[in-house]
């Protein structure tokens, strides 16, 4: 345990920080296009169920691991449990989380660069959406300014990284807490404004029906794989974020209540994010299954057909930027905290090392994946997609699997005791959660992992 370690000033600030960490592109970019690709309402229904049966129990598991020793996400898998020293090999799980965090940041920051590029080009008039445009125009702009413009995207990515740097130097809790206090309310306001505008459009009802009406014929193993991956992605499970953030929680904090609130808020935000997109798609005849480029290729068409479309577009992409920022900060913090506490590197130096290494080894190859480095493939995928697939399909899932096993088979009663601090819940509730995490969740994760790994890398 680190002496004199900072703690969150209140439960609200912690929940806001966690909400920021978990909303990000997962809710505003990834969730909508996966809904579109998987037939709409069926995906939404399975996602909500998965958040309850997998997401919330795993949040609680990672919170227990994180708060137990009040230490970084690698050393959290050390110490003593039930009177015995924990096998040092368990720290490999923490390092796997670090690998996952690196993998997601390798391409995540580049998407932030894309968003900044769109904002810039709309503001200076290089991307004119004051008049109705079509899919050809948006595709050409995307191709010219995102796919084939590595220098411009590199500059925008540097700017986004620098914004993160300014906030991170303020401290692990201080910087993230203050950012969350101001950015999260702004994010909610922008999101609600977008929803209010979209649901009042002519033809919005068709989009809402697609989004909320389950077509049970669409439920398949692929859908389950996509849903589970999204649950881990959306809740920042499996890459040390929950463990790191909860390591700054006081012992008297009710972990059960906090975990449930976190899961419920994230689910609500993800579902609300869909209302920003699907009503307008159907209004203007845009295909909902456009994939990862949905936000960048399809939504500008929507904005160009709206009154004050340029203003709405800038507001939307600003929302994406805020969401990205509230997520990138805690993911960076996972790696920074390890360098600070495990290797005794001063915070400022740790920040510079983490941001620089990820930029050089991750961001630059990712933004050049479709142009300069397009000939390089990993498992048949370009570098950008490979970072996404390997981190989300392998590291997130396997790390979460071992977190569940660590709680159930190593911590045992100590995990239950950690949950008991500050809670008014009965021992029976905690016991049910414990055995569920010990036996059921590992089985579910393992089945889905095998299927996902086969689809992504062996098929």
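Every number here is computed from the coordinates shown, using simple stated rules; none is lab data. Here the structure is a predicted model, which means the values were calculated and not measured. Backbone-built Cβ (ideal geometry, glycine too); neighbour counts: all protein chains shown.
How do the peptides 93-99, 186-192 rank, highest first, by the average count of neighbouring beta carbon atoms within 10 Å per residue?
The peptides rank, most packed first, as 93-99, 186-192.
How much mean residue ellipticity at 222 nm does the chain get from its helices, if each DSSP H run of length 4 or more adds -39500 (n - 2.57) and you divide by all residues, to the nearest 500 deg cm²/dmol?
-20500 deg cm²/dmol
For the pair residue 260 and residue 85, how long in nm is the line joining their label points, each one 7 Å along Cα→Cβ?
About 4.0 nm, to one decimal.
Helix 150-168: angle to the longest alpha-carbon principal axis of the chain, degrees 0 to 90, nearest 10?
The two axes meet at around 40 degrees.
Which angle from 0 to 90°, rounded to the nearest 10, does the C-alpha axis of helix 309-342 make with the longest principal axis of the chain?
30
Put a dot 7 Å past each Cα toward the Cβ at residue 158 and residue 213; how far apart are the dots in nm?
The answer from the label model is 5.1 nm.
Under the Kirkwood approximation for Rh and a Cα-based Rg, what ratio Rg/Rh is obtained for the stretch 274-346?
1.24
Gain in length, residue 144 to residue 193, computed as 0.36 nm per residue apart minus the alpha-carbon separation, to one decimal in nm?
Here the answer is 14.6 nm.
How much length is gained if the chain between residue 352 and residue 169 is pulled fully straight, taking 0.36 nm per residue apart and subtracting their Cα-Cα distance, in nm to one decimal?
Gain on stretching residue 352 to residue 169: 64.9 nm.
Expressed as a rounded percentage, what relative contact order does the chain have, with Cα pairs under 8 Å and six or more residues apart?
Rounded, it is 34 percent for the chain.
When a/c is below 1.5 the answer is rounded, else prolate if a/b is larger than b/c, else oblate, so apply that to the stretch 341-459 with a ≥ b ≥ c taken from the square roots of the Cα gyration tensor eigenvalues.
Note, shape of the stretch 341-459 comes out oblate.
Among 334-341, 301-308, 120-127, 142-149, how do they line up by average Cβ neighbours within 10 Å per residue, starting with the highest?
So the peptides 334-341, 301-308, 120-127, 142-149, ranked by packing, come out 334-341, 301-308, 142-149, 120-127.
Between the helical axis of 172-199 and the dominant principal axis of the chain, each derived from Cα atoms, what acute angle in degrees is found, rounded to the nearest 10?
Once rounded, the angle reads 40 degrees.
At a Förster radius of 35 Å, what calculated FRET efficiency corresponds to the Cβ-Cβ distance of residue 182 and residue 126, to the nearest 0.05?
So the FRET efficiency works out to roughly 0.70.
Put a dot 7 Å past each Cα toward the Cβ at residue 314 and residue 427; how far apart are the dots in nm?
According to this spin-label approximation, the distance is 6.2 nm.
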